[in-house]
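Q: This is the structure, below, for whatever I ask next.
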Amino acid sequence: MIKSNKLYNNKILLSQKAKLAVICVAIASSVLLPELFHWLGIVSGLGSSLGEVFLPMHIAVIAAGFIAGPLAGATAGLLSPVISYALSNMPTETMLPYIIIELAVYGITAGLLNSNGRFLTVNVLLVQIFGRAMRALAMITGVCFFDSPVSLFVIYTSIVKGLPGILLQLVLIPLFIYRVKNSSFFCHDEKH
């Protein structure tokens, strides 16, 4: 039986249906995981900001880019915060445009970096840096040219507050991608 998914030069090649499935799972995860962290924070008495600390929305979007490419990563990054906002009013209306930009850049960058030969942890770090830089640039642009009510201090505080999540991504995403690339779901020989 011929599988439409294969591993080629350490890059996953997926059928369109498989890419759509990755996008759907990434969006669902990016909407549900922040809700879970929000709930855990409230139940544990730590407050509702655990999502800002562990950045659960980022994980699925970055993974989608690495697994299914830049278009799938961008789609998951664009739609996840919009759907989350529509269902739960999170992220806040003021932060929504910046998080959309950040997550879309994460997805695109992960998809583009998927094919190079660097260690995956380095790629995840590069994705994080580029996504945060684009979010900061968007926030500076919003404040300077569009009278955005967001304080530029948020750029600094979101990085400091999100350090546990950034570290979690550096560990979890490479392990997850390695596991996916070595799963039986993908055809590893190039003979069809």
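The values are calculated or read from the model by the stated rules, or taken from the named source; none is laboratory data. Because the structure is a prediction, the values reported are computed rather than measured. Cβ placement follows ideal geometry from the backbone for every residue including glycine, while neighbour counts extend to all protein chains displayed. Heads up: the accessible areas ignore ligands, DNA and RNA and are worked out on the full protein's heavy atoms, side chains in. Shrake-Rupley method; radii C 1.70, N 1.55, O 1.52, S 1.80 Å.
Q: Using every alpha carbon pair in segment 117-171, what percent of pairs falls into each 5 Å bin from 0 up to the bin containing the largest distance?
A: 4, 18, 23, 21, 14, 10, 7, 3, 0
Q: What's log10 of I(q)/I(0) for segment 83-186 at q = 0.12, 0.15, 0.18 Å⁻¹, Debye sum over Cα points only, no solvent?
A: The computed values of log10 I(q)/I(0) come out as -0.49, -0.72, -0.96.
Q: If packing is taken as the average number of other Cβ atoms within 10 Å across a peptide's residues, how do 20-33, 143-156 rank, most packed first?
A: Most protected by this proxy first, the peptides run 20-33, 143-156.
Q: If one computes P(r) from the Cα atoms of segment 12-63, what percent of pairs lie at distances over 16 Å?
A: In whole percent, the long-distance tail amounts to 47.
Q: Work out the P(r) tail for segment 49-100: percent of alpha carbon pairs separated by more than 17 Å, whole number.
A: That tail contains 34 percent of the Cα-Cα pairs.
Q: Between 0 and 90 degrees, rounded to the nearest ten: what's the tilt of helix 16-44 against the longest Cα principal axis of the chain?
A: So the inclination is approximately 40 degrees.
Q: In addition: Suppose accessible area is computed on protein heavy atoms with a 1.4 Å probe; arrange E102, E93, E35 from highest to lowest.
A: The residues order as E93, E35, E102, largest area first.
Q: Return the inverse of the average 1/r over all pairs of distinct C-alpha atoms in the chain, which is the Kirkwood hydrodynamic radius, in Å to one decimal.
A: Averaging 1/r across every pair of different Cα atoms and inverting gives 17.1 Å.
Q: Under the definition of Cα pairs under 8 Å and six or more residues apart, what whole-number percent is the relative contact order of segment 34-132?
A: 27 percent
Q: Another question about this same structure. Placing +1 at every Lys and Arg Cβ and -1 at every Asp and Glu Cβ, with all other atoms neutral, what dipole size does the chain have around its Cα centre, in debye to the nearest 20?
A: With only Lys, Arg, Asp and Glu charged at Cβ, the dipole is about 720 debye.
Q: FRET efficiency for L175 and D147, Cβ-Cβ distance as r, R0 = 30 Å, nearest 0.05?
A: Once the sixth-power term is evaluated, E becomes 0.10.
Q: Helix 120-146: angle to the longest alpha-carbon principal axis of the chain, degrees 0 to 90, nearest 10?
A: 40 degrees
Q: Evaluate the relative contact order of the chain (contact order divided by residue number), counting alpha-carbon pairs under 8 angstrom at least 6 apart; express in whole percent.
A: It rounds to 26 percent for the chain.
Q: So what's the angle, to the nearest 10 degrees on a 0 to 90 scale, between helix 56-68 and the longest Cα principal axis of the chain?
A: Helix 56-68 sits at roughly 30 degrees to that axis.
Q: Which listed residue (L46, G69, F145) has the Cα farthest towards the positive end of the charge dipole for the chain, taking +1 on Lys and Arg C-beta and -1 on Asp and Glu C-beta about the Cα centre?
A: G69
Q: From zero up to wherever the largest Cα-Cα distance of segment 56-138 sits, split into 10 Å bins and tell me the percent of pairs in each.
A: Bin by bin from 0 Å, the calculated values are 22, 52, 22, 4.
Q: Heavy-atom accessible area per residue, the chain, 1.4 Å probe: how many Å²?
A: Value returned for the chain: 55 Å² of accessible area per residue.
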